1. Please determine, in degrees from 0 to 90 and to the nearest 10, the orientation of helix A:7-29 with respect to the longest principal axis defined by the Cα atoms of chain A, where the helix direction is its Cα long axis.
2. Report the one residue of B:Gly61, A:Leu22, A:Val136 whose Cα lies farthest in the direction of the positive end of the charge dipole of the protein assembly as shown (charges on C-beta: Lys and Arg +1, Asp and Glu -1; origin at the Cα centre).
3. Loop by DSSP (not H, G, I, E, B), at most 13 other beta-carbon atoms within 10 Å: where is the longest site-free stretch of chain A for GluC sites (Glu not before Pro)?
4. Once A and B are treated as a pair rather than alone, how much accessible area drops out, both sides summed, in Å² to 100, probe 1.4 Å?
5. Filter the cross-link list A:Lys24/A:Lys215; A:Lys24/A:Lys84; A:Lys84/A:Lys215; A:Lys24/A:Lys237 down to pairs whose alpha-carbon distance in this structure exceeds 27 Å.
6. Taking each residue of B:29-41 in turn, how many C-beta atoms of other protein chains fall within 10 Å of its C-beta, and what is the average?
7. Between the helical axis of A:207-219 and the dominant principal axis of chain A, each derived from Cα atoms, what acute angle in degrees is found, rounded to the nearest 10?
8. Set the Förster distance to 35 Å, then compute FRET efficiency between B:Ala76 and B:Lys31 from the Cβ-Cβ distance, nearest 0.05.
Amino acid sequence: MPRGFNPQREYEVAGDAIRAALIKRLRISSAIADDDVKEIEALPIVVRHFPAETAVVRDGERATDCCLIADGFCARSKTIANGKRQILSIHIPGEIPDLMSLFLHVMDHDLATLTACTLGFISHETLQRLHRRRPVVAEMFWRDTLIDSAMFREWIVNVGQRPAPARLAHVMIELRERLRIIGRLDGNNFEMPLTQEQVGEALGITAVHANRVIKQLRQEGIVDLHRGRVTVLDERKFLELADFDNRYLHQSPTL
Amino acid sequence: MPRFHFDILENGHLTQDEDGRDFADGNAARKEAVLTGASIARDAFTTGSSHRIVVDVREEGAPFLKVSITLEVEEA
């Protein structure tokens, strides 16, 4: 153990960072009173580190906590009988991808890390007590899960109707919009830590087709996905291709 | 695991797969080639960008198999 290392201290810092990410994100879509912020800041959170591509909670399991992402990327997915996997959503810091497990007791899909992650676990019991004590917080989490389902609707439209290059561009822009909110954009550069295989699983195409689409968008000078980073090469063409309207993200309390 | 390369011919334009991809066996690579052809053809045929897709698979540099998909519309 390095000199000066204090596990308890690290634990507290990580816990604070986790709550900050959540509050920052919730503030974008809901108006929160300071009292409610204090309640969220006081939530007991157990911090755990997960390696990349590791299950957090599996299809069929009974969860006792909700998981708040402090750092890293997660994905929700479902695997069918023939072993093919569909990625349903990508999750970023400040999100609680399994918030529905508070009411839907047995998982109906998988939640796993894409990259190494720092996750904060909040027990269902704690959240239920908070909801009963502060109905406004419950409403805020409710709105959050409704936005989550709005994103699923968009994902269905995307996978069902758009050609593959537009599908990829749409997923990229959605991720960029969400990363912008939590201050994780780096110029015209952002993280999308998916392998070609995973891009295929998100878009409902094969890994070979995903590879071709990525190459095509790079050659056409629109956008470059390389080693989990997206660089926009031509913003106008990128937006035009994706046919993106951010309304469904409801990134303001008035939307 | 053997390494397979999937070159794609669309509208006379060849895209070579320099990287390749590992598959457990030839059967898994064949499935990937068929699915990839079908998936690219769906886009190409519906957007009208091409009438013919060929997925040309090489195993460790040597020809392995070729999947060809052609759109034919016969009007009455």
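The values are calculated or read from the model by the stated rules, or taken from the named source; none is laboratory data. None of these values were measured; they are calculated from a predicted model. Every residue, glycine as well, gets a Cβ built from its backbone with ideal geometry; the counts of neighbours run over all protein chains shown. Heavy atoms of the whole protein, side chains included, go into the accessibility calculation; ligands, DNA and RNA do not. Shrake-Rupley method; radii C 1.70, N 1.55, O 1.52, S 1.80 Å.
1. That helix lies at roughly 60 degrees to the long axis.
2. Of the candidates, A:Val136 comes out farthest on the positive side.
3. Value returned for the longest uninterrupted segment is A:54-219.
4. 1400 Å²
5. A:Lys24/A:Lys215; A:Lys24/A:Lys84; A:Lys24/A:Lys237
6. Average per residue, whole number: 4.
7. For helix A:207-219, the angle is close to 70 degrees.
8. The pair B:Ala76/B:Lys31 has a calculated efficiency of 0.50.
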